[in-house]
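Chemist: Input: one structure, supplied below.
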Amino acid sequence: MRYIRFQRETEQFGLVEGDIVKVLDKDFLAGGRATGEQIPLSEVKLLAPCKPAKVVCVGLNYSDHAKEMNLAVPEEPIIFLKPTTAILQPEGYIAYPNISRQVDFEAELAIVIGRHAHNVSEKDAADFIFGYTCANDVTARDLQLKDGQWTRGKSFDTFLPLGPWIETELNPGNLEIKLYLNKEVKQHSNTKNFIFPVNFMISFISEVMTLEPGDVILTGTPHGVGPMKSGDEVVVWIENIGELKNFVG
Ligand code: MG
């Protein structure tokens, strides 16, 4: 099932079937049901598919990316937060900050949480997942490296493109993932190269903080990260989900 959040006169929720959106009476995360109204997918303005209370990111989860950053493969996940004010809808413009000289793309699989998760075991973790979507963990690399910790470099408004929809039926352990910059492939890997699998990440994070419905976990980026410039088109594509397209303003 593919769920979207979209804008008409108000924010609405829908279930995508082929080229059709079945409009829901409320948020799918709150048990929204089909109203009977249907509209063409091409006529809706997509929003980021959920409104998380927090976005937890895992750094260095593909061994090939750790290598290109000259960092050792971590023994346990390195986690950090991105503010929800960084979230950007599909087709939205990433705002290039005046104080950065290097803004990088990072294609990532995003997990959307479906139930309150606290101290969840790895064995039970799948029960707490609502679905998956595409994310771009946009990073002001110069500021990230200059500051030594990542908050400023990762947190500018528009630095978290998310979408286009949440796919609920997916095996996250073997998905091709690609990033296209101006239609040229810059990153290409597979989630089978994760250092820490999805269930482990959920268990690990839920031991630290309670995860709530709609919360998002970014699962790290593969090798090939690189800079964007104003005017670029950037696409994150993940097998069996689809593509998240954005532009650099
Ligand atoms: Mg990242």
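Rule-based calculations on the coordinates, nothing more; no lab input. If you're wondering where the values come from, they're calculated on a predicted model, not measured in any experiment. Glycine also receives a Cβ, built like all others from the backbone with ideal geometry; neighbour counts cover every protein chain displayed.
Chemist: With each label point set 7 Å from Cα along the Cα-Cβ vector, what nm distance links Lys51 and Glu176?
Modeler: Going by the 7 Å Cα→Cβ label model, 3.7 nm.
Chemist: Students often check this: by mean Cβ neighbours within 10 Å, which of 208-218, 144-154 ranks highest, and how do the rest follow? Each step should come with its number before you reach the end.
Modeler: Values: 208-218: 20.5, 144-154: 15.0.
Packing order, densest peptide first, comes out as 208-218, 144-154.
Chemist: Let me ask something else. Please label the shape of the range 63-128 as rounded, prolate or oblate, based on the square roots a ≥ b ≥ c of the eigenvalues of the alpha-carbon gyration tensor (a/c under 1.5 means rounded; beyond that, a/b larger than b/c means prolate, else oblate).
Modeler: Oblate shape, in that a/c is at least 1.5 and b/c is the bigger or equal ratio.
Chemist: For Leu145 and Asp25, what does the FRET efficiency come to when R0 = 35 Å and r is the distance between their Cβ atoms, rounded to the nearest 0.05?
Modeler: 0.15
Chemist: Additional query: Starting from the Cα-Cα distance between Thr168 and Tyr93, subtract it from 0.36 nm times their residue separation and give me the gain in nm to one decimal. Mind dumping the intermediate values first?
Modeler: Working: separation 75, 0.36 × 75 = 27.00 nm, distance 2.67 nm.
In short, 24.3 nm is gained.
Chemist: Considering the Cα positions of the chain, please state its Rg to one decimal place and its Dmax as a whole number of Å.
Modeler: Spelled out, the Cα radius of gyration and Dmax of the chain are 17.2, 54 Å.
Chemist: Among Val234, Val44, what is the fewest-to-most ranking by other Cβ atoms within 10 Å?
Modeler: On the way: Val234 21, Val44 18.
Ascending Cβ contact count within 10 Å gives the list Val44, Val234.
Chemist: State, to one decimal in nm, how far the label point of Asp157 lies from the label point of Glu37, with both points 7 Å from Cα in the Cβ direction.
Modeler: Inter-label distance under the simple model: 2.9 nm.
Chemist: Between the range 164-197 and the range 44-60, what's the alpha-carbon centroid distance in Å?
Modeler: The range 164-197 and the range 44-60 have Cα centres separated by 16 Å.
Chemist: Among the listed pairs Lys123/Lys154; Lys146/Lys245; Lys178/Lys229; Lys123/Lys178, which have their C-alpha atoms separated by more than 23 angstrom in this model?
Modeler: Lys123/Lys154; Lys146/Lys245; Lys123/Lys178
Chemist: So how do Phe28, Phe196, Phe105, Phe247 line up by other beta-carbon neighbours within 10 Å, fewest first?
Modeler: Values: Phe28 23, Phe196 18, Phe105 28, Phe247 15.
Arranged by neighbour count, lowest to highest, Phe28, Phe196, Phe105, Phe247 become Phe247, Phe196, Phe28, Phe105.
Chemist: Taking 7 Å along the Cα-to-C-beta vector as the label spot, tell me the Lys192-Val208 distance in nanometres, rounded to one decimal.
Modeler: Here the answer is 2.9 nm between the modelled labels.
Chemist: Taking the number of other C-beta atoms within 10 Å as the exposure measure, put Tyr62, Tyr180 in order starting with the fewest. Before the final figure, lay out the partial values.
Modeler: Details: Tyr62 24, Tyr180 19.
Lowest to highest Cβ neighbour count: Tyr180, Tyr62.
Chemist: Follow-up question, since we're still on this one. Evaluate E = 1/(1 + (r/R0)^6) for Thr85 and Glu11, where r is the Cβ-Cβ distance and R0 equals 22 Å; express this FRET efficiency to the nearest 0.05.
Modeler: On the way: r = 17 Å, r/R0 = 0.76.
In this case the efficiency is close to 0.85.
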